[in-house]
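> Sharing a structure with you now.
The values are calculated or read from the model by the stated rules, or taken from the named source; none is laboratory data. All of these numbers come straight from a predicted model, not from anything done at the bench. Cβ atoms come from the backbone with ideal geometry, glycine included; neighbour counts cover every protein chain shown. Side chains are part of the model used for accessible areas, which takes the heavy atoms of the whole protein and leaves out ligands, DNA and RNA. Shrake-Rupley method; radii C 1.70, N 1.55, O 1.52, S 1.80 Å.
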Amino acid sequence: MASPIQKPTRRPHAKTRTGCRVCKSRKVKCDETRPSCRNCVRRGISCDFDVSSQPVASGPGTHSNSSNVGHTPGSQIASPASALSHQPSPTDWFNTLDLELLHHFTTSTCFTFSTEPMIRNFWRVNVPRMGFTYSYVLKAILSLSALHLARFKPGRRDSLIEQAMVHHNASSSMALPVLNDLTPEDSVPILFFSMLTSYIAFGSPKEPGNLLVITNGVMPQWLLLFRGMRSVVELNGDAIHSVMSLGFIFDSGKQMNDIWPDIVPPEHEGLKELEASIRLYVKDPQKLDELSYAIDALKRSFAFFQSSSITDDQRVRGVFMWLFKARDGFTSLLKEHDNEALSVLAFFCVLLKRLDHNWWIEGWGVHLVARIYAVLDDGYRLWIQWPIEEIGWVPN
């Protein structure tokens with residue numbers, strides 16, 4: 001009689017002392033998947049394992065960095081002494097998916113940002129190496145790689161996108177304290193974190209709940225991220241340019257910035273008509289100046305598509321120079337859903353559509369012009385007829 005009653009007393013699934021702290025605090029069973037249990041992955045939070053409660057292996061633990069490099073996540077779990085000596089916290093551990101994502105980044109994703117061999121190699125070798133020192137860079141790499149891989153793995157698409165968001169959230173939470181107290185030493189990794197985060201914002205699913213800054217809004221997250229990146233460069237330009245190995249990365253952008261004022265854009269009928277309408281209806285001199293400056297910069301960006309001698313990389317830079325050149329006053333007008341400013345942004349959608357061959361930009365021209373059309377007053381919808389026709393979008 002005692003034995004059936006005693007079985008439940010053997011209830012110590014408190015053998016699960018090795019479960020993560022989050023599951024313990026929620027009093028739910030932890031599956032102990034490392035480095036993030038499924039409960040934490042589903043909730044999109046950082047999983048913190050209580051490794052201190054794990055028994056330390058009595059066998060000879062390898063403490064040198066070189067002996068740990070080749071270890072798999074499985075071998076680290078089997079030998080906690082070795083893992084603890086090499087890793088400051090269990091959240092730094094890689095699981096098999098993370099290794100797959102890092103491999104995918106270095107063999108595929110890194111080649112999609114540029115056609116120039118030196119820049120490709122920098123993204124392939126130097127940026128992951130930077131990630132081994134700065135965790136927020138590494139997490140951003142894994143997030144972007146997951147988004148890219150999801151395009152080729154339809155059966156795993158949802159789980160890969162979920163993993164991308166987990167890594168993105170972790171990366172952002174790690175980088176935020178650094179951004180709030182930015183030093184010259186951190187300026188380069190933060191710049192690459194900003195670049196990776198911009199790619200992530202572009203490459204994420206285009207769903208209103210995910211990508212728009214405010215509900216039913218039209219202001220894309222990447223536009224604000226580009227503005228933030230500009231601030232990092234402006235405030236820490238000397239520190240960034242003093243890193244000799246980065247010279248070739250920024251040379252082409254610097255050259256474009258130097259020639260930008262001297263570009264004489266050809267006549268653009270669509271923009272000419274928009275500018276005439278704005279001058280007719282906008283009476284506030286300061287607002288008119290902001291809009292005119294944005295249109296003038298947009299004409300220069302369009303000029304990069306007029307010549308067959310311009311490379312794809314130069315076209316991408318020419319398009320995104322507009323985001324760097326547009327003034328803060330224009331960005332404020334967009335945040336306020338100003339009809340005239342949104343009409344100017346609709347013309348920028350044509351340039352995005354022409355860059356559709358880049359996986360991270362694909363679909364943004366159509367998506368954004370549809371959002372703009374939805375929030376514009378009826379009379380202003382006629383102002384964006386040229387971009388709508390040029391993109392080939394049909395309003396519902």
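> So, in the stretch 323-364, how many residues would count as being farther than 22 Å from Leu144 by Cα, surrounded by 19 or more Cβ atoms within 10 Å (Cβ to Cβ) and of a type in the set (A, V, I, L, M, F, W, C)?
Number of matching residues: 14.
> Closer than 26 Å to Gly392 by Cβ and either in contact (Cβ under 8 Å) with a residue 24 or more places away in the chain or not aromatic (Phe, Trp, Tyr) (or both): which single residue out of Leu298, Leu280, Leu288, Leu333 fits that description?
Just one listed residue meets the conditions, Leu298.
> Quick one: is Leu382 open to solvent by 10 Å² or more (accessible area, probe 1.4 Å), without any contact (Cβ under 8 Å) to a residue 40 or more places away in the chain and either part of a helix (DSSP H, G or I) or in contact with a Phe, Trp or Tyr (Cβ under 9 Å, 6 or more places away or on another chain) (or both)?
It is true that Leu382 is open to solvent by 10 Å² or more (accessible area, probe 1.4 Å), without any contact (Cβ under 8 Å) to a residue 40 or more places away in the chain and either part of a helix (DSSP H, G or I) or in contact with a Phe, Trp or Tyr (Cβ under 9 Å, 6 or more places away or on another chain) (or both).
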